[in-house]
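**Q** Quick one: the structure is below, questions incoming.
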Amino acid sequence: MKTLIAVFGFLAILVALASASKVRYDNFKVFKIKTQNLEQRQMIENLAENTESFNLWHSDDKEVHIMVNPQKLIHLQNLTRSYQLPFEVMVSNVQSLIDAEQSSKTTDDLSFGWTRYYPLSAIEEFLDEILAEHPEVTSGIDIGTSYEGRKIRGIKISYKEENPGLFIESNIHAREWITSATATWFINQLLTSTDADVRYLAENYDWYIVPVLNVDGFVYTHETNRMWRKTRQPVEGSACIGADPNRNSDSHWMENGGASADPCSETFAGSHPFSEPEVKAITDYIASIKDRINIMLAFHSYSQVLLSPYGHTSEPADNHDDLMAVAKAYSDAVKQLPYGTVYTYGTSATAMYATSGSTRDYVYNELGIRISYTIEMRDTGRFGFILPPVQILPHCEDTLAGILALVDKAKELGYLELKYSV
Ligand code: 0X9
Ligand code: ZN
């Protein structure tokens, strides 16, 4: 009995230590601040650049969402008052959203479902099971190794030769958990759905899907800091860790204010293009199969918007009209579901903000993949990055409807012809 008590005591200490080392967000709030011009917008964005007390959740030409340390509330209130900016509190306590997200853990611990979020180990087990159950049509993809030495894994689904291909990159930003939940659900649908449209999608296209690209950051969000965004590679000469992997590709890197040179910034571009092994690995992999890929989708959250190239300039891409027509098809299809979810669309630089060095622009500019989007998933800010688990399945249905329509439209416009000769 004594041993049992000792074991329980030890376990209790371990649990306490594990939770004690987690970053907490008690009473952190997320404000939605309406801005009328670029100056006001940048003033709020700059707050998040320079201090850990503020963290940018979203920004577009109408509003900025910013998470605030409760001790800095007065500072923010003074600013909104002096600039007369209307604001509302979207999240009153970030920690309570995180706690609620965790409390769903017990419901389907025994099998991989989509009623909770899973750690990387469970996602890898899910991939292993899928590969074992469907050996004829699936193969594992070894994308490469992360800074901390983890494998970056993907899956290829191919029912026959000579299919045009689609590539899905997901969870490049660590805290955007809904993206890998959606990617795994989508993999499962392609392999098990009996719906005729889904079967057509599965069997007439090759699918290359990487559910979690930023594996180190993802593990860090599960174990230490739920709000982590970047990679985990230390930066020489700085105490700050990681770069924004969606600013690190070698295409217009660091141009036009689309990224930051400050290692402490959330949009730090890295010390040089492809400094992040995860980004180098995925772009090398896509480059190696570029003639087999017709469409690239980069899954992000949140904002419910499809973003097309470019991020580094407001100039339209040369097939801009087609890119808008395909995005519109996605948006129209999602709106028709009972959830009525509204997705907007536009170019990255105009609909959201300037970005440089994203994977999406890299494959469009450098690899000739003509249909390439960032899909910013649910929601529009009520829960932001901490989308409640009850929304995972409805959101997955939205995404499937959207992708079905997107592929149809891209095909109609001639973007799904084989790019290589056989
Ligand atoms: O800032 C980003 O990288 C994306 N937003 S997020 O909140 N998911 O971080 C927007 C990127 C869109 N633009 C490009 N991919 N260029
Ligand atoms: Zn993102």
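**Q** Run lengths n ≥ 4 of DSSP H only: what is the helix-derived mean residue ellipticity at 222 nm for the chain, with -39500 (n - 2.57) per run over all residues, to the nearest 500? Could the numbers behind the result be given before it?
**A** Numbers: 13 runs with 162 residues, N = 422.
Helices in the chain give a 222 nm mean residue ellipticity of -12000 deg cm²/dmol.
**Q** Can you tell me the length gained on complete extension of the stretch TYR200 to LEU131, counting 0.36 nm per residue apart and subtracting the Cα distance?
**A** Between TYR200 and LEU131, full extension yields 22.8 nm more.
**Q** What shape does region 115-412 take by its C-alpha gyration tensor, where a ≥ b ≥ c are the square roots of the eigenvalues and a/c under 1.5 counts as rounded, a/b above b/c as prolate, and the rest as oblate?
**A** On the way: a/c = 1.37, a/b = 1.20, b/c = 1.15.
It comes out rounded by the Cα gyration axes.
**Q** Full-extension gain between SER96 and ALA287, please, as 0.36 nm times their residue separation minus the C-alpha to C-alpha distance. Please report the intermediate quantities before stating the final value.
**A** Working: separation 191, 0.36 × 191 = 68.76 nm, distance 4.25 nm.
Length gained between SER96 and ALA287: 64.5 nm.
**Q** May I ask you to list the GluC sites (Glu not before Pro) in region 38-88 that are in a DSSP loop and have at most 15 other Cβ atoms within 10 Å of their Cβ?
**A** GLU52
**Q** Next question, about the same structure. Among residues other than VAL91 whose Cβ falls under 12 Å from its Cβ, what is the net charge (Lys/Arg +1, Asp/Glu -1)?
**A** Within the 12 Å Cβ shell, the charges total +1.
**Q** Now, a different point. Could you work out what % of the accessible surface of the chain is carbon and sulfur, using a 1.4 angstrom probe and leaving DNA, RNA and ligands out of the count?
**A** 52 percent
**Q** Within 13 Å, Cβ to Cβ, of ASN365, how many net charges do the neighbouring residues add up to if Lys/Arg are +1 and Asp/Glu are -1? Walk me through the numbers before you get to the answer.
**A** Working: positive: LYS290, ARG360, ARG370; negative: ASP250, GLU255, GLU315, ASP318, ASP361, GLU366.
Around ASN365, the charge tally is -3.
**Q** Go ahead and collect, in residue order, the members of region 377-391 whose backbone nitrogen is under 19 Å from a label point 7 Å along the Cα-Cβ direction of VAL89.
**A** The answer is 381-386.
**Q** List the Cys residues of the chain that have no partner Cys with a C-beta closer than 4.7 Å.
**A** Lacking a cysteine Cβ partner under 4.7 Å: CYS396.
**Q** How about region 112-214: which GluC sites (Glu not before Pro) there lie in a loop by DSSP and see at most 16 other Cβ atoms within 10 Å?
**A** Working: sites: GLU124, GLU125, GLU129, GLU133, GLU136, GLU148, GLU161, GLU162, GLU169, GLU176, GLU203; in loops: GLU136, GLU148, GLU161, GLU162, GLU176.
Listed in order of number, the matching sites are GLU136, GLU148, GLU161, GLU162.
**Q** What is the gain in length, in nm to one decimal, between LYS105 and ARG81 on full extension, counting 0.36 nm per residue of separation less the C-alpha to C-alpha distance? Mind dumping the intermediate values first?
**A** Numbers: separation 24, 0.36 × 24 = 8.64 nm, distance 4.14 nm.
That pair, LYS105 and ARG81, stretches by 4.5 nm at full extension.
**Q** Here is a follow-up. Roughly how big is the chain's charge dipole about its Cα centre, with Cβ charges of +1 (Lys, Arg) and -1 (Asp, Glu), in debye to the nearest 20?
**A** Dipole size: approximately 1200 debye.
**Q** Given a 1.4 angstrom probe, what's the average accessible area per residue across region 115-412, in square angstrom?
**A** Normalised by residue count, the accessible surface of region 115-412 is 34 Å².
**Q** For region 323-422, which GluC sites (Glu not before Pro) are both in a DSSP coil and crowded by at most 12 other Cβ atoms within 10 Å?
**A** GLU417
**Q** For region 29-100, list log₁₀ I(q)/I(0) at each q in 0.13 Å⁻¹, using the Debye formula over Cα point scatterers of equal strength and ignoring solvent, two decimals each.
**A** Debye intensities relative to I(0), on a log10 scale: -0.33.
**Q** Then there is this: Determine the relative contact order of the chain: mean sequence separation of Cα pairs under 8 Å and six or more apart, normalised by residue count, in whole percent. Spell out each step's value before the answer.
**A** Numbers: 849 pairs, mean separation 69.3, N = 422.
Relative contact order for the chain comes out at 16 percent.
**Q** Okay, next question. I'd like to know which of VAL30, ILE74, THR51 lies farthest towards the positive end of the charge dipole of region 29-100, counting +1 on Cβ of Lys and Arg and -1 on Cβ of Asp and Glu.
**A** It is ILE74.
The values are calculated or read from the model by the stated rules, or taken from the named source; none is laboratory data. Note that this is a predicted model, so its numbers are computed, not measured. Note that we place each Cβ from the backbone using ideal geometry, even for glycine, and neighbour counts take in every protein chain shown. We work out accessible area using only protein heavy atoms, side chains counted, and drop any ligands, DNA or RNA first. Shrake-Rupley method; radii C 1.70, N 1.55, O 1.52, S 1.80 Å.
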